[in-house]
Structure formats: C-alpha cells, structure tokens
Amino acid sequence: MARSVFAFIALSTADGFIGVSPLVRSRGASKLGAFDPVGDELPKDGSDFKILERATSSSSLVKSTKMLVRAPEPIPTPALLTIDPVGTLIQHREPMGMFFREVLFDYSGLRLPRPDIFHDAYKMVYAEKCEEMPFFGKEAEVSSAEWWRDVVTRTYLEVGVPDDLLEEYMPEVFPELHEKVFTGAEGWELTKDADFVLGEIASWQESLGPKAPKLACVSDFDERLPLLLEGLGIRHYFDAVVTSKESASFEDPAAPFDAALTKFALTDAKGAVHVSAKIEGDIDAACAAGWQAVFVKGPPFSIPEANPTAAVYQRVGDILRFLDILGIEVDPYRPIETTRLVGIYDWDHDDPGDYQGYDGSGGGGGWEAPTIKGN
C-alpha cells in the first residue's frame, strides 16, 4: 500500500520575509522545527514566496494543496529587548465604549445608547484627535490629561449627550475614567501567558548574567504607562519605560527607539529587538530605526493590504511563541489555566478576610463560610 505525506518548510527571499510571517510554532512541539501550516492569501505574482506542497498519493488518487508557511528564526541574544505591551501583554477588560457608558450612567442615571454606539464614537473621535494632535499632544505642548479630556467630551457629544448635562457630570466622570479606570486593573488586564512569558524572560536574563539583554517598554502611550504596569503587577520586569508622549516625533518615527538605545548607552540598532502587535507606527518604525522586529498576530492570518515601508520582520501567533525565537525552552508539561475559577474558589479558604463577603469590620456582616449542600 502506497501512502506518503511530505511537508517542506517554505522560505522567503534571501533578504528576509517581507510583510508578514504567517506561521507560528505548534503549541505541542518541544523544539523549534515543528510547525503548523496556516493558509494565507498569496501575493498574486508569488515572487516573494516559495510554497509548501503537501501531497497524498494512492494507487488511484493524488491530491495536492498549497500553503504559505514560515518558520520563526532564532535571534542571537540581543543587547536590548523592547515590548509594546498593548495587545501583547495587556488588553482592555471590556470594549472602551462599555467603560464610557457605565461610568456616565453611574453618576447620572441617564438612559443611554448601547455600548457599541459609544465604542464606535470613541474610535472615530480618537482617530481624529490623533490626526489633530499626535502623541497625546506632545508637539502641541498640550498635557495628556487635557488631550484625553477632549476625546472623552467629544465622544459623549457624538452619542448625543446634551451639553448642559455633560458640563454637569464631566468633573466627576473624567477623573474616574482617566485616573482610575484606564490607569489600573479596573480597565485593563494581563493577556493570557503575559506574566508567564515575562517570568521566563527574567529567568533567562538571570541565567545569562552580565551578558543578559535589558528589557524595556516602548509604546505609543502617555506618561501613565508605568503606573498602569505597576497596577497590573509587571512593572518590575522592565528596566525602563519609553512612551510616545515623552519621546515621539512626527518628523522622525524612529525617535522612541533611538531614545530607548540612549537610555542604556547603546549605539548598535541591529542588536535591539522590538515586539509589538501593531505594524503601523510601531513595527515599521522599529525596522526603520534599524532594529529587528517581531510582530505578534494571532488568527485569522491575512496579509495586510499595504506595507509601504516593506519592513522586514518575523511574525508569531502569540507572545508565548516569542520565547522560541529567543531560544527559551518552555516546559511542555507545565500547567495551563483553561478556565478562570470564580465564586467560592476565588478566595483563600484559610483566610476569612479574603472572602469577598467580608467587610473587615469584625462585626455583623462579617465572614460566613459558604454552605455546601450534600446529596
């Protein structure tokens, strides 16, 4: 009986992979070299790619399918490793529109439109504001708080909140959003595997001793980012935090990356690696600065419609797969959280004060163990 399955790794041009890298390492694999093929839309001329062909043959039938695949390439130990945390390590707990609606409702009790209407209004206003005053007002010498206040005000006006009511509630609503919701764990959360990945990188750095790379944040964010990272429990992993508010330049997109090198007295851009979930203004800017770059993009896999800078970068499906590129081996048998435990399991049973129903007063309304009924 004749049966065969062949798979060959498809390589890009000799100059590197232009655009996106549509393959991540298989989660079940313990070493680099085991891959999951991903069907991506191919360039029409096919000039920049070779194709993986998987053929299954029998005495009466031969079938062939073509898939574009790309293996992550190991990177020699860099001198500097930077991560844009948004979308890779941290994410909003809910769509932005939900927070806008709920905070205003809490203070006003007004009947308000659906959260998605708020969200669409926010996205439109935010994009307009970025065009008017890039980098949270840096070059216009406007404070980020003033910049965001205008975004919040215009978002509410866009969904139809009357001027007089907005004027009444903004003194309470805006500080709630700006200083609490979007500067801590109420509005943000860690992405899956974020804390694990940072812990693995920290252990790797420790094992390398004096040769270990520095780890920093480089992000299109305002000056609240260090406080946010602190609130989410990951600030201590980073040697520095560089934001667009402090270092970006409209004339020089590479400015934040140059600033990151300067912080560590480094001059060789080729020895630096940037990781991000965003191409425009981030991955492409890092490449323009001479850095190596890794784009984190999960399914669905598709090639961007335009890549004007023709930036050369690698792509992985999630932040965990970035460890492969660094050569950090992950225990394939490590426990993986698949379900978030809630209810009576979401507290320390040995510490009554940790129970959500305990008010800390020691009097009435204090802790009472939950009753579990038998059969």
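Calculate, in whole percent, how much of the Cα-Cα pair population of the range 182-261 lies beyond 21 Å. Considering the range 182-261, 37 percent of its Cα-Cα pairs are separated by more than 21 Å.
Among ASP195, ASP282, the order of accessible area from largest down is ASP195, ASP282, computed with a 1.4 Å probe on protein heavy atoms. Give me the Kirkwood hydrodynamic radius of the range 167-304, using the inverse of the mean 1/r over all pairs of distinct Cα atoms, in Å to one decimal. It works out to 16.8 Å. Expressed as a whole percent, the accessible area of the range 132-252 that falls on carbon and sulfur atoms is 50 (1.4 Å probe). The GluC sites (Glu not before Pro) found in the range 222-273 that occupy coil by DSSP, while having at most 16 further C-beta atoms within 10 Å, are GLU223, GLU251.
Among the listed pairs LYS214/LYS278; LYS123/LYS214; LYS245/LYS270; LYS129/LYS211, those whose Cα-Cα separation exceeds 32 Å are LYS123/LYS214; LYS129/LYS211. For the range 110-205, the solvent-accessible area with a 1.4 angstrom probe is 50 square angstrom per residue.
The values are calculated or read from the model by the stated rules, or taken from the named source; none is laboratory data. Keep in mind that what you see is a predicted model, and the values were worked out from it rather than measured. A quick note on method: Cβ atoms are made from the backbone with ideal geometry, for glycine too, and the neighbour counts reach across all protein chains shown. Ligands, DNA and RNA are stripped out before the accessible areas are found, and what is left, the full protein with its side chains, is counted by its heavy atoms. Shrake-Rupley method; radii C 1.70, N 1.55, O 1.52, S 1.80 Å.
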